[in-house]
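Note sheet for the following structure.
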Amino acid sequence: MLGFSRREAAALKRLSTPWRIQRFLDDLRYDVEGRHCRSPRRVLHEGAAQCLDGAIFAAAALRFHGFPPLLLDLEAERDSDHVLAVYRSNGAWGAIALSNFSGLRSREPVYRTLRELAISFFEAYFNLRREKTLRRYSRPMSLARFDGRQWMTTEEDLWYVAEHLLRVRHYELLDQHMRRSLGPTDRRLFAAGLVGHAVKDGHRRRPC
């Protein structure tokens with residue numbers, strides 16, 4: 001049971017498809033402050049997560065059903081990075097993610113390459129100034145490298161995962177000409193992206 005209790009394993013067993021994992025993430029309380037990076041066990045018990053620990057939870061749930069636990073980092077400028085749990089099904093890539101922005105969550109497994117998957121987030125990836133900010137994507141990183149630290153069940157925060165993701169090779173999505181020609185995000189798309197956006201103390205924040 002990968003170190004989980006019977007009750008925890010039963011909860012993960014019910015998340016038997018990527019869309020069920022995504023629905024579970026969407027029902028969590030979004031941690032706007034982002035002070036913690038919880039293990040999957042803590043996410044189950046606390047019912048809260050932010051971008052990174054949401055992706056880590058999804059990777060653990062995918063692993064429970066036979067997929068490798070892979071993360072992919074989306075790197076932005078003048079904005080927060082975003083982390084996805086990625087998986088392959090029938091030779092195509094899909095993603096599961098928790099985000100405070102409605103357009104940065106799951107992708108169906110229909111993308112032939114990781115670049116195709118990453119670029120599918122481009123139009124929905126903007127900051128609160130309506131700037132399109134996605135610039136790079138990483139190689140997939142396996143969380144299995146941290147099995148010795150019991151990343152799935154530990155009570156400690158998992159910030160070391162973020163630190164390692166920063167060192168993984170990243171690839172450019174845009175050339176200089178593309179960057180110079182970018183216009184602002186359409187106001188309707190901007191409003192749609194803020195549907196369900198969590199705020200703290202009445203002020204909008206921009207965690208991914």
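Coordinate-derived values only; no laboratory data. Keep in mind that what you see is a predicted model, and the values were worked out from it rather than measured. Glycine gets a Cβ as well: all are built from the backbone with ideal geometry, and neighbour counts include every protein chain shown.
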Quick one: which residue in ARG42, ARG29 is within 19 Å of VAL83 (Cβ to Cβ), basic (Lys, Arg) and surrounded by 18 or more Cβ atoms within 10 Å (Cβ to Cβ)? ARG42
Can you tell me which condition ALA60 does not meet? The list is (1) in contact with a strand residue (DSSP E or B) (Cβ under 7 Å, 6 or more places away or on another chain); (2) of a type in the set (Gly, Ala, Ser); (3) assigned to a helix (DSSP H, G or I), and all the others hold. (1)
Qualifying residue in the stretch 90-113 (condition: without any contact (Cβ under 8 Å) to a residue 40 or more places away in the chain, within 16 Å of the chain's Cα centre (by Cα) and surrounded by 23 or more Cβ atoms within 10 Å (Cβ to Cβ)): yes
Here are the criteria: (1) touching a residue at least 40 places away in the same chain (Cβ under 8 Å); (2) surrounded by fewer than 17 Cβ atoms within 10 Å (Cβ to Cβ). Tell me which single one GLU172 does not satisfy. (1)
Helices (runs of 4 or more DSSP H) wholly inside the stretch 112-208 containing at least 1 residues that are more than 17 Å from ALA95 (Cβ to Cβ) and not aliphatic (A, V, I, L, M): 159-167, 176-180, 187-193
Log entry, pairs with first residue in the stretch 146-167 being on the phi > 0 side of the Ramachandran plot, second being among the polar types (S, T, N, Q), beta carbons closer than 7 Å, six or more apart or on different chains, reads none
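Matching residues to (1) surrounded by 19 or more Cβ atoms within 10 Å (Cβ to Cβ); (2) among the hydroxyl-bearing types (Ser, Thr, Tyr); (3) in contact with a Phe, Trp or Tyr (Cβ under 8 Å, 6 or more places away or on another chain):
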{"position": "GLU33", "(1), (2), (3)": "no, no, no"}
{"position": "ALA55", "(1), (2), (3)": "yes, no, no"}
{"position": "PHE67", "(1), (2), (3)": "no, no, yes"}
{"position": "VAL83", "(1), (2), (3)": "yes, no, no"}
